[in-house]
Protein chains: 2
Amino acid sequence: MTQKKAVILLSGGLDSATTAAIAKAQGFALYGISFRYGQRHAVELQAASRVAQHLGFEEHKTAEIDLRLFGGSALTDNIAVPKSNSVEEMGKGIPVTYVPARNTIFLSFALAWAEVLGANDIFIGVNAVDYSGYPDCRPEYIAAYEAMANLATASAVEKGIRLQIHTPLIHLTKAQIITEGTRLGVDYRLTISCYDPTEDGKACGHCDSCLLRRKGFADAHITDVTAYQS
Amino acid sequence: MTQKKAVILLSGGLDSATTAAIAKAQGFALYGISFRYGQRHAVELQAASRVAQHLGFEEHKTAEIDLRLFGGSALTDNIAVPKSNSVEEMGKGIPVTYVPARNTIFLSFALAWAEVLGANDIFIGVNAVDYSGYPDCRPEYIAAYEAMANLATASAVEKGIRLQIHTPLIHLTKAQIITEGTRLGVDYRLTISCYDPTEDGKACGHCDSCLLRRKGFADAHITDVTAYQS
């Protein structure tokens with residue numbers, strides 16, 4: 001029997017690594033896609049490559065899309081990434097690290113590749129619990145994207161293939177994600193979550209993403225092996 | 001009063017030029033986006049620049065996205081573009097010139113830019129009459145995309161802004177499009193429709209796109225000023 005193929009959005013972070021491990025455990029052959037989108041830190045692409053190798057991906061592609069063309073985000077522009085000392089101190093609402101239409105763009109590339117591969121499954125590690133500030137991480141957004149995708153492609157229209165967008169982490173807390181990934185053997189030392197890492201890949205320890213990661217390991221009672229600057 | 005902004009998907013072809021002219025006639029300030037997506041002919045990007053200048057666009061950006069990464073189309077790969085002698089002889093079904101998820105990717109970039117600009121309107125020159133073979137040119141696809149887009153962005157979620165995707169050509173024949181564009185003063189000599197033009201921008205005259213263009217001018221009883229090879 002041929003293994004079913006899945007396209008995995010792979011950022012190099014903790015969430016997408018766990019998502020990939022879940023897809024693998026479900027029996028999918030993994031095809032990873034990462035993006036060089038003008039993010040300030042390229043170390044996350046190195047992390048994505050390490051994760052792809054670690055989890056035995058069949059293929060891993062990096063698409064070049066320069067979102068600095070439009071601006072409007074702390075992740076692509078010269079805007080300071082907010083830092084604080086605890087999850088409780090973190091800003092509310094949609095953060096400045098929001099990149100306009102990012103998941104919509106990422107999923108569109110995944111959709112194109114899925115069609116060429118003959119894959120009917122896309123996995124994305126979005127989460128509506130910790131990152132509720134991002135509109136394109138919510139279940140209603142993902143459902144609408146899936147409905148659109150099933151009208152968009154030749155394979156959907158001609159062959160009646162139904163594409164499914166899997167979001168296995170969407171209702172999990174960070175601690176639950178880390179517990180599940182650890183159970184599946186994910187080596188989190190290979191991943192990076194920080195929005196503002198040093199060039200050699202050390203995490204800042206105080207951006208929203210670092211704070212949520214730290215709290216996740218603490219809540220899961222699993223040792224956090226991440227190299228933090230402070 | 002400040003003019004409302006619209007993002008226009010601008011390919012350099014006849015349809016997108018007409019779409020832009022319609023948006024302008026409706027009073028929008030025009031922000032054009034074109035894509036270097038690995039298409040075999042760069043002459044269409046030159047045509048897009050000419051059209052942007054001709055119609056007085058406020059801004060015109062070209063996004064670099066290499067869809068050859070995935071393959072799967074005669075427009076990006078080394079697959080022969082089909083040629084025939086009349087619209088009646090053209091192939092049926094989804095053509096090999098279909099690029100997987102192309103409009104989904106293009107609209108996603110337009111959505112990102114619209115959000116940064118504060119524009120609530122995107123114009124795309126899709127057509128469900130002549131190009132009924134393309135799944136991502138159908139009204140039901142566009143409606144699903146719009147529904148998804150209105151869940152995707154911070155401006156939709158935080159400010160309650162409703163994004164609209166305008167498809168003024170969707171139910172028009174090529175002859176009706178040409179008649180409307182001519183009425184609005186579009187100079188079609190600046191545009192290029194051919195899937196397989198020469199390097200200096202001459203149209204082949206026999207690909208599906210050339211055949212539909214030729215028939216459109218003939219049916220509209222408007223002189224076709226296009227430079228065809230044969």
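Do we have A:Val157 as surrounded by fewer than 21 Cβ atoms within 10 Å (Cβ to Cβ), among the β-branched types (Val, Ile, Thr) and at the interface with chain B (Cβ under 10 Å from one of its Cβ atoms) here? When the stated conditions are applied, A:Val157 passes them. Which is more than 30 Å from A:Ala128 (Cβ to Cβ) and either in contact with a Lys or Arg (Cβ under 8 Å, 6 or more places away or on another chain) or of a type in the set (A, V, I, L, M) (or both), of B:Asp196, B:Asp136, B:Asp187, B:Asp200? After applying the criteria, what remains is B:Asp196.
A single entry from A:Tyr188, A:Tyr145 fulfils the requirement of being at the interface with another protein chain (Cβ under 10 Å from one of its Cβ atoms) and at pLDDT 90 or above: A:Tyr145.
Give the residues of the range B:51-82 that are more than 9 Å from chain A (Cβ to nearest Cβ), part of a loop (DSSP other than H, G, I, E, B) and of a type in the set (Asp, Glu), sorted by residue number. Those that are more than 9 Å from chain A (Cβ to nearest Cβ), part of a loop (DSSP other than H, G, I, E, B) and of a type in the set (Asp, Glu): B:Glu58, B:Asp77.
Considering each of B:Ala23, B:Ala52, B:Ala17 in turn, give the residue that is under 17 Å from B:Arg213 (Cβ atoms) and not charged (D, E, K, R). First the steps, then the outcome.
On the way: B:Ala23 fails: under 17 Å from B:Arg213 (Cβ atoms); B:Ala52 fails: under 17 Å from B:Arg213 (Cβ atoms).
Matching residue, one of B:Ala23, B:Ala52, B:Ala17: B:Ala17.
When we screen B:Arg213, B:Arg189 for residues that are of a type in the set (Lys, Arg), surrounded by fewer than 19 Cβ atoms within 10 Å (Cβ to Cβ) and not in a loop (DSSP other than H, G, I, E, B), the only hit is B:Arg189.
Checking each residue in the range A:103-119 for being more than 7 Å from every other protein chain (Cβ to nearest Cβ) and either among the aromatic types (Phe, Trp, Tyr) or out of contact with any Leu (no Cβ under 7 Å at 6 or more places or on another chain) (or both) picks out A:Asn103, A:Phe106, A:Leu107, A:Leu117, A:Gly118, A:Ala119. Taking each residue of the range B:1-30 that is of a type in the set (Phe, Trp, Tyr) and looking for partners that are modelled with pLDDT of 95 or more with beta-carbon atoms closer than 7 Å, six or more apart or interchain, yields B:Phe28/B:Lys4; B:Phe28/B:Lys5; B:Phe28/B:Ala6; B:Phe28/B:Asp121.
Within the range B:73-86, is there a residue that is farther than 26 Å from A:Ala63 by Cα, surrounded by fewer than 16 Cβ atoms within 10 Å (Cβ to Cβ) and either free of Cβ contacts under 8 Å to residues at least 12 places away in the same chain or of a type in the set (Asp, Glu) (or both)? Checked the range B:73-86: no residue is farther than 26 Å from A:Ala63 by Cα, surrounded by fewer than 16 Cβ atoms within 10 Å (Cβ to Cβ) and either free of Cβ contacts under 8 Å to residues at least 12 places away in the same chain or of a type in the set (Asp, Glu) (or both). For the criterion of being over 29 Å from B:Met148 (Cα atoms), modelled with pLDDT of 80 or more, outside any strand (DSSP E or B) and more than 10 Å from chain B (Cβ to nearest Cβ), A:Asn85 passes.
Does A:Gly93 satisfy the criteria of being surrounded by fewer than 21 Cβ atoms within 10 Å (Cβ to Cβ), among the small types (Gly, Ala, Ser), more than 8 Å from chain B (Cβ to nearest Cβ) and on the phi > 0 side of the Ramachandran plot? No: the conditions fail for A:Gly93. Of everything in the range A:120-142 that is among the aromatic types (Phe, Trp, Tyr) and at the interface with another protein chain (Cβ under 10 Å from one of its Cβ atoms), the residue that is surrounded by the most Cβ atoms within 10 Å (Cβ to Cβ) is A:Tyr141.
Is it the case that the range B:165-184 has a residue that's more than 20 Å from B:His54 (Cα to Cα) and exposed (fewer than 15 other Cβ atoms within 10 Å of the Cβ)? Yes. If I filter the range A:118-165 down to residues being part of a strand (DSSP E or B) and under 14 Å from the mean Cα position of the chain (by Cα), which single residue comes out as nearest to B:Pro100 (Cα to Cα)? So, considering only residues that are part of a strand (DSSP E or B) and under 14 Å from the mean Cα position of the chain (by Cα), the one nearest to B:Pro100 (Cα to Cα) is A:Ile122.
The values are calculated or read from the model by the stated rules, or taken from the named source; none is laboratory data. This is a predicted model, so every value here is computed, not measured. We place every Cβ from the backbone using ideal geometry, glycine too, and count neighbours over all the protein chains shown.
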